[in-house]
Every structure is written in structure tokens, then in C-alpha cells.
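Accompanying notes for the structure given below.
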Amino acid sequence: MAWIAGVDGCKAGWIAALVDTEAKEPPLLRVVPRLADLLEGPDAASLVAVDMPIGLPDRVNGSGRGPEQLVRPLLGERQSSVFSIPARAAVEAEDYWDACRLALSFSEPPRKVSKQGFHLFPKIREIDLLLRQTPPLRERVFEVHPELAFRTMKGASLTTPKKIRGVVNPAGMAERRALLVAAGISMDVAHARPPRGAAADDALDALAALVVARHIAAGRGTPFPDPPGRDSHGLPIAIWTFRSERPPAQDSAMTERPVTRPMIEAAAARIAGHARVTPVMRLGTGAFGSGADISLKLECLQHAGSFKTRGAFNNLLSLPVPAAGVSAASGGNHGAAVAYAAMKRGVKASIFVPEISPAAKIEAIRRFGADVVVGGAQYDDAQAACDRFVAETGALKIHPFAAVETIAGQGTLGREWDSQESDLDTVLVAVGGGGLISGIASWFAGSKVKVVGVEPEGSRALQAAFEAKGPVEVKVASVAADSLGARNVGQLVYDATKDAVDQIVLVPDAAITEAQGTLWRDFRLAVEPGGAAALGALLSGAYKPAAGERLGVLVCGANVDLAKLATIVG
């Protein structure tokens, strides 16, 4: 075993997030009374990233040690989370007033010691003594700061604190958990109850330290300052983070788009714990007779049966909801998602669906407690009825694709997929109204990942918009029309996709139903036509991957009429 650890101080000693780099098991959370317990014995960690100052200056010039002064400007409003650690003489004092007197004597300008900083001194002294007595450990123990780690994961300053006046802030915890999941920490571990003797925020800080430890072990660590300084005892003085492999959030390729990466990051933090993290099934090279290395992203396992749940929650958690509740027009999936999210938030929902909506989808909407109004031949007819209802009642309209909040919510799927499979070359994404591909393309914009849209031959609103260099009306006639049947993608979707989607391919209905049958026979996945369309593009040859191409195929919806599926699979 080759253990590495992220560590934070806690009430009972130290909480460690440990992972064996030679295994594929999730991290373990463990509390130990002494830091040395993690560095000694047959199971000793080969590398420890710890949220505690290492290396103490004899004098302090300015607002703390050099690393603290370098890191604070990166943290925006979270600068105050980096305490000013005083000179060694003050840290070695065991009485608060003695520590303040010594800190004043050895700092320029003179600075006292904060009470919060003073409570850290016993643990700082513990690390200091350990590293001075055992010099080889100096190459294995690295100082980190959780807020800097989270800032690096996000590519921008965090928007919410973990605590407000000493009380845990749920929004701040959710934002950090979402970043940990995006960095490869499993949802179960990120939400796990901390061991006895540690608090939930201690556990998150230890996991953030573990993320940095992994990067340091892989040679991607970055110290502030670079190179690290040394104190008079030879201990390193530096706060470590890592080099992010993603473009920074302020990159012009992101910020000039209608929906940006920071907007998607914020949506991910907002909906964390409400939407599921759905799995990826890696099939390897040769699956479906292709020379590509293929995997399936199983968003069909999302709450309410489709990706739409992400956008629904982001709307409800972003916008004020009036007394009349929320309303949506839908072929079925969006309505089910809005109904589910409204049910979970205790909000009234009124859903308008066209006559072509499958009975299974209508039943799901009703099961989630929404009022359902069926009328009109196509989706656009239901949308017109929904608009009239909103005008009359003042309800909040949640659009299935032509809204920034919806697109940013769907973009969290791209962010999640990216964190699960960082080596993708191409993703195949089904297109209806275009909210899903807009969000995914907004996340991958400026990266190496190609986003390929898949539309039914009889429902090609996005391809028609690309050809016309603007949104246009199309006729709709497809087996997947209930979910991929928008007549016009609208300007917002066009603007979000026109430069970020690599190409659009069209698939015949026969290929879509073939993909449904394949997903059931080979994987026992009951998937609706729209959810199977992306795989249909691969099976039919509408999209031909190169040999060895890392291809991700999105399976995005499960709300299928089981009787119809039975006729397909025989």
C-alpha cells in the first residue's frame, strides 16, 4: 500500500483523509490523536498535506509570514480565513498575553495575536517539534490551506463562507462539496458523517488537503513562495496548492459566452445534494464494433429520469418563487423534473404537456404532485398555453431550454462528466430544444473536448439554425418527438452553441429504436427514444469515431413507455 493523506486539526487531534494510491478505493476518514501516528509504522503515509503552519520566522514584517501575504490576494472575500502567524517566540508562549507581548516585540508593524490564532498554537508546536526532531519528514509533510485548495479547484474565488459567526453555513458547505466531487472525491465520501471528535467542516478541509496531496504526489504541486523559504531551523515555509489543468474561469473563451464556467460552477454548488451524481460505464475499445474507446454517461439514472432535474433545481434555487408557484411546458421530461424539484422544495407546480406526451411521462408528473394540463398537438402548443397561464397567475415560468438558469443547470452535467473522465476526446449529446447541449458545450468551450450534437432526421432545429446562421422554424416528425421535438431552438441556445458545438449529426428513427433495444438487451437499461439517440448516432455510423478516440456517449433519459419498449426488444 502507498498511502497519502490530507489532514486538518480537529477537537480530538487530527482528522485525516487517507487514500491508497495503488488501489481504487475511495478515501477513508480517520481521527488520530497525534500527527506522528500518520507518519510512523508499516501503514505510514508517504506524503501528508496538512492545514497547519509549518516553519516559523524569527521576526514578521507585514501581515504575517510570506506565504500568507502571497495567498490572501487570491482568495477574494475569503482573505480573512488566512490567519497571521506570529514569530516563533510568540507561538512558543503558552499564555495568551505573553504571546501578544512577544508578537508585538517581534513584528513590524507591531501586531498582537488573535484568539483564534492562539488556539492553533499547540498544534503548530506539535508539527514544529516533530519536523525538527525528524528531518527526513520535512520531505513528506507539506503545508496547505483549504480555501486556497478550493479556490484552485474552482478557478475563481469562492462565493460563500463555510461558517457565519461560528455557525456552519449550508450554502458554503454545499459549494465546497460540489468542488470536491468535481475533483474526484466520491459523493458518498464528500457527504459522509465525520468520525467522532471531528466536525463536518474539518472533514471537508481534510478532503481538500487530500486533493492537493494527490497533485503534489503527481508532480503538479505549486508552492507560495516558489521556491519555499526556510526558517532558522531549516523547516520549509510555503503554502502549497497545485497547477490546474483547466483553463481559468476568467479565460475569455468562457466569460464572453452567454453561459460561463463560473455560472456552471455556481449552479453545481447550488444543486449539490439535490441532483444525483450519475455514473459512467466504461466499455473500452471495440464496444459496438467501433475502434474507439467508448463509455456511457448514465444520466438516465438521474432523479425524475432525466438530466432536466439539474436545470429545474437551478431555477428553483436561483429565482424567487411567487405564491402561484412554478409552471412549465414540456413533452414530459422537463415537466417531470420541474414537478419533482417543486415537490422537494414544497412549491406548487402547474405543467402543460402536448397530446403526444407518453402516458408514462404524464403519470410521473402527476406522481410528483403537480397539476397537469394536456392540450395541443405539439410541444409549442403546450408552451403557448403555459405562457397564457403565467400571464394570468404570475407563476414563475421555468423554460426547458431558453433560459440561462436552465442552461447553467444542464451544464453541471458537463462539469461532472469532465471530472469523471478527464481524458475524453469527444462527447455525443442528444439535441431537442438545445438546453442540454448548450450547457455541456458551455462547460467544454475552449478545451480539447469536441461536443457533437445528435438530432433525429425528422427533428433538426439546431442543425437548421447552424445552416441559416440563426434560429429558424422546422417541422417535427420523429419517434423521439416527445423529448427531441422543439420546432425552434431560439436565440440563446444558438448563441451558446454556434461556436462551441463541433458538428451536428442526424440519425434515422430506426437507429434510435435500435439503440433502445441494444441498451436493454446488453445493459438492462430501459431508455426512451431521446435518451438513446446519441448511441443511435454511433450504431448507425452517423458519427464515425477515429481509432482509439476516447468517446463519451450520453444516455440522457429513462422515461420510456415500457409497453412500447417491449415491442422493440421483442
Inset, instruction - Determine the sum of side-chain charges near residue 425: Lys and Arg each +1, Asp and Glu each -1, restricted to other residues whose C-beta is under 12 angstrom from that of residue 425. - result: -2
Inset, instruction - Counting other beta carbons within 10 Å of each Cβ, put 356, 185, 512 in order, fewest first. - result: 356, 185, 512
Legend entry - Using alpha-carbon coordinates, inclination of helix 529-540 to the longest axis of the chain, degrees: 90 degrees
Inset, instruction - Taking the Cα centre of the chain as origin, sum charge times position over the Cβ atoms of Lys and Arg (+1) and Asp and Glu (-1), and report the length of that vector in debye to the nearest 20. - result: 1040 debye
Legend entry - Cα convex hull of segment 430-570, projected area averaged across orientations, nm²: 8.3 nm²
Legend entry - Percentage of interatomic Cα-Cα distances in segment 306-397 larger than 17 Å: 40 percent
Legend entry - Listed pairs 123/163; 344/448; 297/361; 544/564; 308/544 exceeding 32 Å between Cα atoms: 344/448
Legend entry - Per residue Cα convex hull volume in Å³ - calculated over the chain: 158 Å³
Legend entry - Length-normalised contact order of segment 306-397 in % [C-alpha pairs under 8 Å, at least 6 apart]: 32 percent
Inset, instruction - Please report the relative contact order for the chain, taking Cα pairs under 8 Å with a sequence separation of at least 6, and give it as a percent rounded to a whole number. - result: 12 percent
Legend entry - Sorted by Cβ neighbour density within 10 Å, fewest at the top, the residues 141, 431, 31: 31, 141, 431
Inset, instruction - In whole Hz, with x marking every Gly and Pro, tabulate ³J(HN,Hα) for segment 556-569 from phi via Karplus 6.51 cos²θ - 1.76 cosθ + 1.60, θ = phi - 60°. - result: 10, x, 10, 7, 9, 6, 5, 5, 5, 5, 4, 6, 6, 8
Inset, instruction - Please report the base-10 log of the normalised intensity I(q)/I(0) for segment 34-115, using a Debye sum with one equal scatterer per alpha carbon and no solvent, at each q in 0.14, 0.23, 0.24, 0.25 (1/Å). - result: -0.58, -1.04, -1.08, -1.12
Inset, instruction - May I ask for the angle, rounded to the nearest 10°, between helix 170-182 and the longest principal axis of the chain, with both axes built from Cα atoms and the value confined to 0 to 90°? - result: 80 degrees
Inset, instruction - Using the Cα centre as the reference, give the magnitude of the dipole from point charges on the C-beta atoms of segment 95-236 (Lys, Arg: +1; Asp, Glu: -1; all else neutral), rounded to the nearest 20 debye. - result: 240 debye
Legend entry - segment 279-295 residues near the modelled residue 547 label - backbone nitrogen below 18 Å, point 7 Å along Cα→Cβ: 284-294
Legend entry - Selection from 160, 12, 239 lying farthest towards where the dipole of segment 3-242 points positive, charges on Cβ: 160
Legend entry - Whichever lysines have a C-alpha closer than 17 Å to that of residue 348, once near sequence neighbours (fewer than 8 apart) are set aside: 397
Inset, instruction - Multiply the residue gap between residue 94 and residue 491 by 0.36 nm, knock off their C-alpha separation, and tell me the result in nm, one decimal place. - result: 136.4 nm
Legend entry - Percentage relative contact order, segment 3-242, counting C-alpha pairs under 8 Å, at least six apart: 28 percent
Legend entry - Projected-area average for segment 3-242 over all orientations - Cα convex hull basis, square nanometres: 12.3 nm²
Inset, instruction - Select from segment 215-246 those trypsin sites (Lys or Arg not before Pro) which occupy a DSSP coil region and have at most 15 other Cβ atoms within 10 Å, ordered by residue number. - result: 220, 243
Legend entry - Per DSSP, loop GluC sites (Glu not before Pro) in segment 136-224 with at most 10 further Cβ within 10 Å: none
Inset, instruction - Compute the long axis of helix 96-105 from its Cα atoms, compare it with the longest principal axis of the Cα atoms of the chain, and write down the angle in degrees, 0 to 90, nearest 10. - result: 80 degrees
Inset, instruction - For an R0 of 41 angstrom, estimate the FRET efficiency from the Cβ-Cβ distance between residue 114 and residue 421 and round to the nearest 0.05. - result: 0.40
Inset, instruction - Arrange the following residues from fewest to most other Cβ atoms within 10 Å of their Cβ: 467, 126. - result: 467, 126
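Each value in this text was obtained by applying a stated rule to the coordinates, not by laboratory testing. Just so you know, these numbers come straight off a predicted model, no measurement behind them. Note: ideal-geometry Cβ built from the backbone for every residue, glycine included; neighbour counts use all protein chains shown.
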